[in-house]
Amino acid sequence: MTQSLFNRGKAGRLSPLRLFTRAMMTGVLVWGATVWGAAVQAADAEQAPVQDENQKAQAMFESLFMAELERSPESMAYLGIKKDYGKWDDYSLAREAQDLQFTKQQLKELKTLDRKKLDASTALSYDLYEQKLQQDIDMHKWVHYDYPVNQMFGLHSHIPSFLINIHNVESEEDAKAYISRLNGVGTYIDQLIDNLEVRKKEKIIAPKFVFAHVISDSENVIKGKPFTKKGEEGKDSTLLEDFKNKVNKLEIAEKQKAALIKDASQALTDVVGPAYTKLIAYIKTLEKVADTKDGAWKFPKGDKFYRDALKVTTTTDLSAKEIHQIGLDEVARIHEEMRGIMKSVKFEGDLQDFLKFMREDKQFYFPQTEAGRAEYLAQATQLIEDMKKQLDSLFLTKPKADLTVKAVEPFREKSAGKAFYQRPAPDGSRPGTYYANLYDMSLMPSYQMAALAYHEGIPGHHMQISIAQEIQDMPKFRKFGGYTAYIEGWGLYSELVPKEIGFYQDPYSDFGRLTLELWRACRLVVDTGIHYKKWTRQQAIDYLMENTPNSEADNIKAIERYIVMPSQATAYKIGMLKILELRQKSKKALGDAFDICEFHDVILKNGAVPLDILEGLVDQWIKQKKSA
């Protein structure tokens, strides 16, 4: 799973706090089959005026992207731009209407280009941008179809996460900007409450299980100094500790450092503490009217919302019914492969017995200690280092950005996902990060460690996202945008690729790879089960218990994730299946001329694209190889 640059378009989040529906519904496209063909046909246009119109188009892509980017101080910070560095994004209800008008104006401006005069590459970018903007407009009707706070994401956890991980302090001015953001938390939380209230009126309220998580995470933010009462012992709060660490590294006078820390403490006491206390009180009130209905079907026009969400997530026209069946078929296939491993290790019993053994045997788990966590991180890092040495056999293009492995921070580890990736800063000031959630070591079996590291790190998200970000001539909206099926499909495909070059020699590690693929296949079943077939939370949990080796706690956390993020979990397997289909198609068409390095270059060198566009790119490569 990626923790992407922006949250307003899953991997292209042009407002880090436009939570999941905007993450799903804006900036991520639903594609027809004609786009790539039209882009290729554009190459046959008259040659004389092409260069001028292409230059005009590239300049417009840049200006449109920057105009949108500058409306989001947080997004600029993700990119290492320190303009409006002391501000938060505007999350007000009034801004929603402004955003819609802004997008309409951008689309109007884009259409002043003469698309017929563009070359194939630029025409593809034009089509991608046009579709992005049009979908922003079309999907505005679902703007409130999300849960602005939940156990996976929300302003309550984003505020500390952003300040700790994204707000760099390299000067006294940066420190003052940090304090400014602390002083802005009150307004930010008020805007959040307004958003929750309007959803309440529209009968879009998170299921009851969500609230305990949100309350706990919010309370964690205001634990410790300076929030403790006089005379109480306690360590610094998460934010005060972060601020002190950053300020103390500055080469300024101690007196200046002390003044900055005093101002930050005052902002935490006067603004942050009361804001979170207010939010917690509101959440507790909202909890009283929440129900236990889990699927998107409970929303007004929820069936139509989920249909659109699936189209956006998968970039296909697959129906919920079709996706459900694909999941069932894949679960059956993977179970058969697991039985083969079961036989190879001479396990006596049936598959259910083997799943139980893998779930419970202590040999597969690190100790629930700091030493156990450190060992996990060390081994995960080594797995990635070993994979780096093999990249020349798989890839023509490698990322320049470095990759680090970190544990999820304590303030959010209890509710955060199992593992995720955060992209590097484009200027190289911040490496890519693979986060492993080590809060509960019983949820991180050693046999899954390799597949997780390959998915989130190398050759997975770090390869794909960093390469796209580093492509020199690609418009920024494509570098930093994305399509969930492509991104997560590549991540899951990247779990398989190492096996094909000799990794996963330990059968239990290979079983771990299969458990994660099985997990993604089960997602097709349970996501559509919850949001289309009206399964209850418990029905979905029971399905995972019966078909995976994961613990009950792991399964509960997973189902709760799928409940608050309708359709997102379907992207992984659908995307992987398409990449494998295209690879097999290429091998069949090219025979001995097939080159895995070239194939991967075709998949990665155009950045994230919809799956049908990806197929068009592969078809074009096959055609070129055959005619060479």
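Each residue of the range 501-506 in turn: what ³J(HN,Hα) in whole Hz from Karplus with 6.51, -1.76, 1.60 and θ = phi - 60°, glycine and Pro shown as x?
10, x, 7, 6, 5, 6
Along the range 278-290, what does the Karplus equation 6.51 cos²θ - 1.76 cosθ + 1.60 (θ = phi - 60°) give for ³J(HN,Hα), rounded to whole Hz, x for Gly and Pro?
3J(HN,Hα) across the range 278-290, in whole Hz: 5, 5, 4, 4, 5, 4, 5, 5, 5, 4, 5, 9, 6.
Neighbouring Cβ atoms within 10 Å as the yardstick, rank Leu110, Leu443 fewest first. Could you put the intermediate results ahead of the total?
Working: Leu110 19, Leu443 16.
Result, fewest neighbours first: Leu443, Leu110.
To the nearest 0.05, how large is the calculated FRET efficiency for Asp440 and Lys116 if R₀ is 60 Å and r is the Cβ-Cβ distance? Show your work: numbers first, answer last.
Details: r = 58 Å, r/R0 = 0.96.
Efficiency, from the Cβ-Cβ distance: 0.55.
Modelled label-to-label distance, Ala67 and Asp138, 7 Å Cα→beta-carbon offset: nm?
2.2 nm
If you wrap a convex hull around the Cα atoms of the range 130-179, how much volume per residue is inside, in Å³?
Working: hull volume 7.0 nm³, N = 50.
Dividing the Cα hull volume of the range 130-179 by its residue count gives 139 Å³.
Points 7 angstrom from Cα along the Cβ direction at Leu250 and Lys262: gap in nanometres?
1.4 nm
By the scheme Lys and Arg +1, Asp and Glu -1, what is the net charge of all other residues having a beta-carbon under 11 Å from that of Pro399?
Working: positive: Lys388, Lys398, Lys400, Arg423; negative: Asp402, Glu470.
So the surrounding residues net to +2.
Long-range amide H contacts for Thr404: which residues qualify at under 5 Å (H placed 1.01 Å from N, peptide plane, sequence gap of 5 or more or a different chain)?
Correct list: Gly432, Thr433, Tyr434.
Quick one: which residues, 5 or more positions from Lys225 or on another chain, have an amide H under 5 Å from its amide H? H modelled 1.01 Å from N in the peptide plane, none for Pro or chain starts.
Lys235, Asp236, Ser237
Report relative contact order for the chain in percent, whole number only (criteria: Cα-Cα under 8 Å, sequence separation at least 6). Working shown, then result.
Details: 998 pairs, mean separation 112.3, N = 628.
After rounding, I find 18 percent.
Arrange the following residues from fewest to most other Cβ atoms within 10 Å of their Cβ: Leu250, Leu514, Leu286.
The fewest-first ordering by Cβ neighbours comes to Leu250, Leu286, Leu514.
Report the label-to-label distance for Thr269 and Glu546 in nanometres (one decimal), using points 7 Å from each Cα along the Cα→Cβ vector.
5.8 nm
Could you run the Karplus curve 6.51 cos²θ - 1.76 cosθ + 1.60 with θ = phi - 60° over the range 309-320 and give me ³J(HN,Hα) per residue in whole Hz, x for Gly and Pro?
With the stated coefficients, the range 309-320 comes to 4, 5, 4, 5, 5, 8, 6, 9, 9, 4, 7, 4 Hz.
Could you grab the relative contact order for the range 534-628? Cα pairs under 8 Å, six or more apart, rounded to a whole percent. Intermediate values should be presented prior to the final figure.
On the way: 36 pairs, mean separation 19.9, N = 95.
For the range 534-628, the relative contact order is 21 percent.
Can you tell me how much longer the chain between Val345 and Lys406 gets when fully stretched, taken as 0.36 nm per residue apart minus their C-alpha distance, in nm with one decimal? Present the calculation step by step, with values, prior to reporting the outcome.
Values: separation 61, 0.36 × 61 = 21.96 nm, distance 3.28 nm.
That pair, Val345 and Lys406, stretches by 18.7 nm at full extension.
Filter Lys288/Lys362; Lys235/Lys479; Lys343/Lys533; Lys246/Lys414; Lys116/Lys623 down to the pairs with a C-alpha to C-alpha distance above 31 Å, please.
Values: Lys288/Lys362 41 Å; Lys235/Lys479 41 Å; Lys343/Lys533 36 Å; Lys246/Lys414 25 Å; Lys116/Lys623 23 Å.
Result: Lys288/Lys362; Lys235/Lys479; Lys343/Lys533 exceed 31 Å.
Quick check on the exposure proxy: order Ser466, Ser494 from fewest to most C-beta atoms within 10 angstrom. Don't jump to the answer; show the numbers that get you there.
Details: Ser466 22, Ser494 26.
Starting with the residue having the fewest Cβ neighbours, the order is Ser466, Ser494.
DSSP loop (so not H, G, I, E, B), at most 12 other Cβ within 10 Å: list which trypsin sites (Lys or Arg not before Pro) in the range 101-176 pass both filters. List each step's numbers first, then the result.
Working: sites: Lys104, Lys108, Lys111, Arg115, Lys116, Lys117, Lys132, Lys141, Lys176; in loops: Lys111.
Here the sparse-neighbourhood loop sites are Lys111.
Can you tally the net charge around Ser161? Count Lys and Arg as +1, Asp and Glu as -1, for every other residue whose Cβ sits under 12 Å from the Cβ of Ser161. Can you show the working numbers first?
On the way: positive: Arg412; negative: Glu74, Asp217, Asp242, Glu409, Glu413.
With Lys, Arg at +1 and Asp, Glu at -1, the neighbours total -4.
Values in this text are rule-based calculations from the coordinates and carry no lab data. Remember, predicted model here, so these are calculated numbers, not experimental data. For neighbour counting, all protein chains shown are included, and Cβ atoms are generated from backbone atoms with ideal geometry for every residue, glycine included.
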